[in-house]
Amino acid sequence: MPDPAPGPAIVDNAAASRFEVRVEGEVAVLEYVRDGQRAVYHTTRVPKALEGRGIAGQLAKHALDDARARGLRVVAECSFVAGYVSRHPEYADLVTEDDAPT
């Protein structure tokens, strides 16, 4: 069976501290703060027009894979990211309960 078609490209807009994906003229984002050895994921937003397509999950997976590649620990302040990790235990080793920076 062939690999599934790749989803839309997710980019790291480091200047805005967020991962972005553009679909049909709309932009979904996962906002973060990188703090030393941590990535604090605090907000995931998907426009109403794009809900139900798995885009938030794609953003969460991308962000978690990025943290792993950078050797960062993850603070999952965003409830969606926290829920994603609970459904995908292969990412549990990345998560720390440390308080986010103020």
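Kirkwood radius and radius of gyration were both taken over the C-alpha atoms of the chain, and their ratio Rg/Rh is 0.96. Database remark: amide H of Val23 closer than 5 angstrom to the amide H of Ala28 (H placed geometrically; neighbours at sequence offset of 5 or more, or on other chains; Pro and chain starts carry no H).
Summarising the label geometry, the points placed 7 Å from Cα in the beta-carbon direction at Asp35 and Ala16 lie 2.3 nm from one another. Placing a pseudo-label 7 Å from each Cα along the Cα-to-Cβ vector at Asp65 and His42 gives an inter-label distance of 2.6 nm.
If exposed means no more than 12 neighbouring beta carbons inside 10 Å and the site is in a DSSP loop, what's the longest run of the chain without any exposed GluC sites (Glu not before Pro)?
Values: sites that count: Glu24, Glu51, Glu97.
The segment 52-96 is the longest one with no such site.
Every read-out reported here was derived from the displayed coordinates using simple, explicitly stated rules and does not represent laboratory data. Please read these numbers as outputs of a predicted model, since none were measured by experiment. With ideal geometry, Cβ positions are generated from the backbone for all residues, glycine too; neighbour counts draw on all protein chains shown.
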